[in-house]
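Visitor: Sharing a structure with you now.
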Amino acid sequence: MASLPTPASDPRARVDALREALATRVVVADGAMGTMLQAQEPTLEDFQQLEGCNEILNVTRPDIVRSVHEEYFAVGVDCVETNTFGSNHTAAGEYDIADRIVELSEAGARIAREVADEFAAEDGRRRWVLGSIGPGTKLPSLGHIDYATIRDGYQRNAEGLLAGGADALIVETTQDLLQTKSSLIGARRAMDALGVSVPLICSLAFETTGVMLLGSEIGAALTSLEPLGIDLIGLNCSTGPAEMSEHLRYLAQHSRTPLMCMPNAGLPILTKDGAHFPLTPPEMADAQENFINNYGLSLVGGCCGSTPEHLRLVVERVRGLSPVVREPRPEP
């Protein structure tokens, strides 16, 4: 007689539990990935001579990637993002490895899945994996690449993530609304192809000028994307929390879709040693607590410059909080 799946190994039960958690309390994700990987000084051989292609490490140095996930889970986060930000057609194409999208996506998701399940087995608390889908390096609105090609590339990216055990897909750091749509629709096609349904998160990147890279403002973004049936919408990267407040205020007032936010640890300051992110862990925790109380966020985390210490304080601060009830009034 076949054994029944355990809660940790049953994908549908995990996804249902994630949906319930997002609806009833604040879920905390992890922080920066790239800087954590680079801190372990992978060699050129580790990168298979493709220096800077972090996704290759999912295959060559899974121990390094695993250690990053372990550090974040150890400070109490509920979920981690996969090391697959560049596992898409255009970013992988820059390294001439676009044919490895599915391989690298699945490997990245599988590493995160294994670590999540190990932590869940230790204390019985569920941990989840967010499949990271990055923006790539081409903007279809400017004619850099045609829509169908980039959409199909995102579908392969998402299929790999789902095959590796991702509990949700997060389309993040998007800068071009057409690129955003192509990745969301590619993700939907992947779910249809595999016969699964997981939460689909859309996270936009706004410049300090108050608009996306190609000039779209927050109202246009919400109007364009909400009809695509996304489960959460919000912001990540580009700026610190201070610069995100007005965008989140707009979403809180008008979005029928639940909200999320993963800011950088402040605006980067260029130093002789590279970019420095000035926001301290207590300041990050203050900002996220305020966002939850004022704007009703369901999912919080960090982006560039945020460390396990940042997320440890966020976890402590928001534990037990539930998103405030909003009464959005969509603009026609």
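Visitor: Given 20 °C and 1.002 mPa s, how large is the Stokes-Einstein diffusion coefficient of the chain in µm²/s, with Rh as the Kirkwood radius over Cα pairs?
Guide: On the way: Rh = 19.7 Å.
Taking Rh from Cα pairs, D becomes 109 µm²/s.
Visitor: Exactly which GluC sites (Glu not before Pro) in segment 52-148 are in a DSSP loop and have at most 16 other Cβ atoms within 10 Å?
Guide: Details: sites: GLU55, GLU70, GLU71, GLU81, GLU94, GLU103, GLU106, GLU114, GLU118, GLU122; in loops: GLU94.
Taking segment 52-148 and a limit of 16 other Cβ atoms within 10 Å, the loop GluC sites (Glu not before Pro) found are GLU94.
Visitor: So what does log10 I(q)/I(0) come out to for segment 90-208 at q = 0.19 Å⁻¹, using the Debye formula with one equal point on every Cα and no solvent?
Guide: -0.97
Visitor: In Å, what Kirkwood hydrodynamic radius results for segment 33-120 from the alpha-carbon pair distances?
Guide: On the way: mean 1/r = 0.0764 Å⁻¹.
Evaluated on segment 33-120, it is 13.1 Å.
Visitor: Where Rh is the Kirkwood radius over the Cα pairs of segment 9-161, the temperature 25 °C and the viscosity 0.890 mPa s, what D in µm²/s does Stokes-Einstein return? Please list the in-between numbers first.
Guide: Details: Rh = 16.2 Å.
Roughly 152 µm²/s, to the nearest whole number.
Visitor: May I pose another question? Which ³J(HN,Hα) values in Hz, rounded to whole numbers, follow from the phi angles of segment 283-298 under the Karplus curve 6.51 cos²θ - 1.76 cosθ + 1.60, where θ = phi - 60° and Gly and Pro get x?
Guide: 5, 5, 5, 4, 4, 5, 4, 5, 4, 5, 6, 8, 10, x, 5, 9
Visitor: A further question follows. Report the full-extension gain for the segment SER224 to GLU331: residue separation times 0.36 nm, less the Cα-Cα distance, to one decimal in nm.
Guide: Numbers: separation 107, 0.36 × 107 = 38.52 nm, distance 1.21 nm.
My answer for the length gained is 37.3 nm.
Visitor: Something else: With springs connecting C-alpha atoms under 10 Å apart, model the chain as a Gaussian network and identify which of ASP123, ASP192, ASP99 has the largest mean-square fluctuation.
Guide: Maximum among the listed residues: ASP123.
Visitor: If you take every DSSP beta bridge fully contained in segment 136-276, what fraction is antiparallel? Give it as a percent rounded to 5. Walk me through the intermediate numbers first.
Guide: Numbers: 3 of 15 bridges.
Among the beta bridges of segment 136-276, antiparallel pairing accounts for roughly 20 percent.
Visitor: I've got another one for you. Starting from one equal scatterer on each C-alpha and no solvent at all, send me the Debye-based log10 I(q)/I(0) for segment 159-284 at q = 0.11, 0.14 Å⁻¹, two decimals.
Guide: -0.42, -0.65
Visitor: Something else about it: Accessible area per residue for segment 107-198 in Å², computed with a 1.4 Å probe and the full protein assembly in place, what is it? Mind showing how you got there, number by number?
Guide: Working: 3120 Å² over 92 residues.
That works out to 34 Å² per residue.
Visitor: I'd like the distance separating the alpha-carbon centroids of segment 28-47 and segment 260-289, in whole Å.
Guide: Distance between centres, Cα-based: 18 Å.
Visitor: How large is log10 I(q)/I(0) at q = 0.11 Å⁻¹ when the Debye formula is applied to the Cα atoms of segment 215-332, each weighted equally and without solvent?
Guide: Those come out to -0.37, one per q.
The values are calculated or read from the model by the stated rules, or taken from the named source; none is laboratory data. This one's a predicted model, so the numbers in the text were calculated from it and none came from an experiment. Don't worry about glycine lacking a Cβ; one is built from the backbone with ideal geometry, like all the others, and counts go over all protein chains shown. These accessible areas exclude ligands, DNA and RNA; they are computed on the full protein's heavy atoms, side chains included. Shrake-Rupley method; radii C 1.70, N 1.55, O 1.52, S 1.80 Å.
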